[in-house]
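The values are calculated or read from the model by the stated rules, or taken from the named source; none is laboratory data. The structure displayed is predicted, hence computed values, not measured ones. We place every Cβ from the backbone using ideal geometry, glycine too, and count neighbours over all the protein chains shown. Heads up: the accessible areas ignore ligands, DNA and RNA and are worked out on the full protein's heavy atoms, side chains in. Shrake-Rupley method; radii C 1.70, N 1.55, O 1.52, S 1.80 Å.
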Amino acid sequence: MERVLFGVLGPTVAVAGDGRELAIKGPRHRAVLARLIVARRRVVPVALLVEDLWTEPPAGAVGAVQTFVGALRRALEPERPPRTPARLLVTEGPGYALRAAPDAVDAWRFETALGAAADLPAPEALSTLEEALGRWRGPAYAEFAGEDWSRAERVRLAELRLQAVERRAETLLALDRPADAVPDLDAHLTDHPWREDAWRLLALALYRHHRQGDALAVLRRARAVLTDQLGVDPGPGLRRLESDILTQAPELNLGPRPPLTQGRGAVTYAAPPRGRGQPPHPAADNAPPTESTAQLWTTAAAAYHRTVAAGARTRLDSTIGLIRNLAVTGGAGLEEARRHRTAAIAAAEEFADPELTARVIGAYDVPAIWTRADDPAAAAQIVAAAERTLAALPTTTTRATSTGTGTGPYDTARCRLLTTIALETRGADSPRGPSAAREAEALARRLDDPALLAFALNGTFMQSFTRAGLAPRRDGIGAELVQLAARHGLVTYEVLGHLVRLQARAALGDLTGAERHAAAADRLAERHELPLVGVFTEWYAALRLSATGQPARAETAYRAAAARLAGAGMPGLERGLLPLALLCLRLAHGLPPDPEPRADWGPYRPWAEPFLLLAAGRRTRARTAVRDLPEPPHDLLYEACCALEAEAARRLGDRPALERARERLRPAATELAGAGSGLLTLGPVERYLTDQA
């Protein structure tokens, strides 16, 4: 049989041994051939080929596939006698397989060369890498860029190509040819500006080419690009290189990095040899059988980096899991998690795989208790990505379940995306958040997944502020969260449930119940190292002092709680909260408001403004400020803002404004104003609904 070579690093082609391109009839014939190459000698069932070739298969789809296969066989084996079995495109079981030799496909040869280069001396490695890169005629599987079945392979090959470009540059540096490395790296970074190792190599090449200023300029440009486009700071490698260039560290001129090694599933670099007196590398064979936590972390991280390909989807899944865990470790961790989350979503969208993107967006199931976003711009980006992904998810047929309801294969992804929308639109006066929360909760209950239901209930809680007086509803959400989470070991959601109930019981005037939930949350936080929980329970302790008639002690407690809140990584909670709490404290106890005009009132400035103007003797301006007040955001401080508006209107004798505020407050007539926040209170709502001073 004449040898046939296949090309997929560009348009799909089949080439005879003498160099002639074989005639492949039409686009669907090429699609079948490409689909079989993607399968890497494995059988592809006919049913799957039909599904991949047509969005809506025609009645004769199976027969059409058989026709395409027959035509391909005639093109690939023109000299095969009639009625003899095919040896290249074979029928096996329920489908077909292409039994191409390991070196018969350009993509497979490219990968083999890339791996072989790791063990070659630098001159031979360079020629091997250049030959491998020369096989590319365009994007892999170029004419099938929009097909789901080619997406994973195209992304994987594109990542390997980027690695090969960078390894070629590394090899040029090893051969003391920095000037030759610069042009290709510059072009490489124009198309792929997120490649930190490429920035490092370009800066190092410029430095070794005696262009120190240009090298530093490249590092500054890398910082700007990474910050502006991905929202991340340069990694330690770039930061260290910048420092070394500034100090002209001698090791920059000591030659190349250590030999390249090939890890399972990924191309990586060996760790540098350790100096005398240094501890062994964590992954060394002589590592002790029992390692400290720090050593274990380093070992596992190094093994993961060696083993999992840099462009693999698995990395994104692992990254978002790490970001999620980081978010509950404290203020610095929460800030870092928030910053890296948007970058992870952007990276996921590059795969053009809505199911993957849905997984990355929805995996950030960090319980949320505060209803004002810490980063509104990032929240808007996340909502937009979630909406795009929802629209891109395949439309599927619902399947029946034993309970008589129906679920579809993408319902878990939809539920997580809808919950994310509900969480990230918290406090917004829009029907989208509440509708997303309702749909997500209904899906979660149908799917019977406890963790998914806890996540969805968090979204329901965040959208339960459409009017005043909904504390009983939130108390029910919190109670379900506590019971569900305790049964299924969902610790962070058990804590969330207790905090939700703390807020709701405080709003309903049940301080004993609120105290019980605060204590339960603190116990869980101590046992499971959740330091941010104490921020909320400490603020509740100050609220309790105010509600039990101890304003002086309450003020001291509020100032201490505010000091702890600083640096907790929650600007949406922190900004303006202390001056607002002190203003509410004084009003609740009949003390002069005495608002601090120079305080940072943050988003609460409009509701403090009338009291600031009254304190300054500017009564007319204060009346205008009251009349111009918007409806408060639908969040945990809705009742507090309504009570502030009512009190300011009462003091100014502005009856229309007073009635407007009272109308909003009446559904919460039996509650403590503002106590639903779990942070502050202005006393009973009833006092703001009467004409008594």
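Dipole magnitude for the chain: about 620 debye, using +1 per Lys or Arg Cβ and -1 per Asp or Glu Cβ, origin at the Cα centre.
Here's how it looks for residue 96: its modeled amide H is under 5 Å from those of 44, 46, which are all 5 or more places away or on a different chain. Ordering 21-32, 532-543, 36-47, 567-578 by mean Cβ neighbour count within 10 Å, with the highest value first, yields 532-543, 567-578, 36-47, 21-32. The residues of the chain have, on average, 46 Å² of accessible surface per residue, using a 1.4 Å probe with all protein chains present. In terms of packing, defined here as the mean over residues of other Cβ atoms within 10 angstrom, the peptides 71-83, 464-476 line up highest first as 464-476, 71-83. When each of the peptides 444-454, 121-131 is scored by how many other beta carbons lie within 10 Å of its residues on average, the order from highest to lowest is 444-454, 121-131.
Element breakdown for the chain at a 1.4 angstrom probe: carbon and sulfur atoms account for 53% of the accessible area.
Put simply, the amide H of residue 232, placed in the peptide plane, has neighbours under 5 Å in 227, leaving out anything fewer than 5 places away on its chain.
A simple spin-label model places pseudo-atoms 7 Å from Cα toward Cβ; at residue 217 and residue 387 they are separated by 4.2 nm. Based on Cα contacts under 8 Å between residues 6+ apart, region 538-661 shows a relative contact order of 16 percent. For region 1-48, calculate the relative contact order in percent as a whole number, restricting contacts to Cα pairs under 8 Å that are 6 or more residues apart. Rounded, it is 22 percent for region 1-48.
Local charge for residue 515 was computed over the other residues whose Cβ lies under 14 Å away, with Lys and Arg +1 and Asp and Glu -1, and equals +2. Remark: region 12-26, residue by residue, has Karplus-estimated 3J(HN,Hα) of 6, 9, 10, 10, 6, x, 8, x, 6, 7, 6, 7, 9, 4, x Hz, where x stands for each Gly or Pro and the curve is 6.51 cos²θ - 1.76 cosθ + 1.60 at θ = phi - 60°. Measuring r between the beta carbons of residue 224 and residue 451 and using R0 = 45 Å, the FRET efficiency lands at 0.70.
Taking every C-alpha pair closer than 8 Å and separated by at least 6 residues, the mean separation divided by the residue count of the chain gives a relative contact order of 8 percent.
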